[in-house]
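Note sheet for the following structure.
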Amino acid sequence: MAGIAGYRRPYAGTQPNHLHPPYVSSLKRAPLRPLVPMPHTLTEVTGPQFGSESVDPKACDLTRQHAGEPLGERIVVSGRVLDENGRAVPHTLVEVWQANAAGRYLHKVDQHDAPLDPNFTGCGHVLTDAEGRYRMVTIRPGEYPWRNHYNAWRPAHIHFSLFGPAFATRLVTQMYFPGDPLIPYDPIFNCTADEKARNRLISVFDWETTIPVHALGFRFDIILAGREATPWEEPHTNGGK
Ligand SMILES: [Fe+2]
């Protein structure tokens, strides 16, 4: 379609490979034929917008959703959401979900033998401000085992979902914690071949947002689309992107 500026395509290796055999699920999901690049038409450069009317102001603090406080280490997770040119993405919805401090999700499919926490649901959301900043308070999630291979454990992580301004800027990803010894062994983290790109998934410890006597701060900036885009959490197809 003439007159529509598309988003830049990512450099090779900076997004998860569709086939990454160490991540066993990718064997069944990976396309058998080369992808067909889809042009960015009006359909791709527009998308649903979620305004403040769909946001619960209390949802940005996952430690205050119940009568008591959840067990675990309180943390502040904050950052900026930027576009492919480094400009702020204002008033955009950021959603998160995570395991509790024991590494257990409040979900019927999660059968990990670790306790649930009656004071922790593990879901939250917030809108970025005019400068693209977001901030959430939560507890540090625990590592948990999974069945990918023998003695497989996921590094501690928080799932993120963003729409951004368009379908082409949709992103589902995971934030990791600096210094986690499980990160180099994680097949999902390693789906992204480019080292610099996959390291964008690791948050940075942040004194600026650390609250004295209360919570450690971690900064996680997110880039939607373009050459330096934050990698998806796993192989996906998004308009050939
Ligand atoms: Fe997870």
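Do we have any residue at all in the range 176-194 that's among the hydroxyl-bearing types (S, T, Y), under 20 Å from C60 (Cα atoms), within 13 Å of the ligand (Cβ to nearest atom) and outside any loop (DSSP other than H, G, I, E, B)? Yes, that holds for at least one residue.
Residue-by-condition table, conditions (1) in contact with a Cys (Cβ under 8 Å, 6 or more places away or on another chain); (2) free of Cβ contacts under 8 Å to residues at least 60 places away in the same chain; (3) within 26 Å of F120 (Cα to Cα):
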site	(1), (2), (3)
Y7	no, no, no
S26	yes, no, no
R29	no, no, no
L35	no, no, no
C60	no, no, yes
P70	no, no, yes
I75	no, no, yes
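The set of residues from the range 19-40 being surrounded by fewer than 17 Cβ atoms within 10 Å (Cβ to Cβ) and touching a helix residue (DSSP H, G or I) at 6+ places or on another chain (Cβ under 8 Å) comprises L19, P21, P22, M38. Taken over the range 121-144, the criterion of being open to solvent by less than 30 Å² (accessible area, probe 1.4 Å) and either over 27 Å from A67 (Cβ atoms) or more than 16 Å from the ligand (Cβ to nearest atom) (or both) is satisfied by V126, T128, G132, Y134, M136, V137.
Among the residues of the range 145-173 satisfying the criterion of being surrounded by fewer than 20 Cβ atoms within 10 Å (Cβ to Cβ) and outside any loop (DSSP other than H, G, I, E, B), which is nearest to the ligand (Cβ to nearest atom)? The selected residue is H159. For the range 32-66, give me the residue count where each residue is modelled with pLDDT of 95 or more, assigned to a loop (DSSP other than H, G, I, E, B) and either within 30 Å of P16 (Cα to Cα) or among the polar types (S, T, N, Q) (or both). Residues flagged as modelled with pLDDT of 95 or more, assigned to a loop (DSSP other than H, G, I, E, B) and either within 30 Å of P16 (Cα to Cα) or among the polar types (S, T, N, Q) (or both) within the range 32-66 amount to 3. Where residues in the range 66-91 are charged (D, E, K, R) and within 29 Å of E143 (Cα to Cα), which of them is surrounded by the fewest Cβ atoms within 10 Å (Cβ to Cβ)? Out of the qualifying residues, it is E73.
The values are calculated or read from the model by the stated rules, or taken from the named source; none is laboratory data. Everything quoted here is computed from the prediction, not taken from an experiment. No Cβ is skipped: glycine too gets one built from the backbone with ideal geometry, and neighbour counts run over all protein chains shown. These area figures cover heavy atoms from the full protein model, side chains too; ligands, DNA and RNA do not enter into them. Shrake-Rupley method; radii C 1.70, N 1.55, O 1.52, S 1.80 Å.
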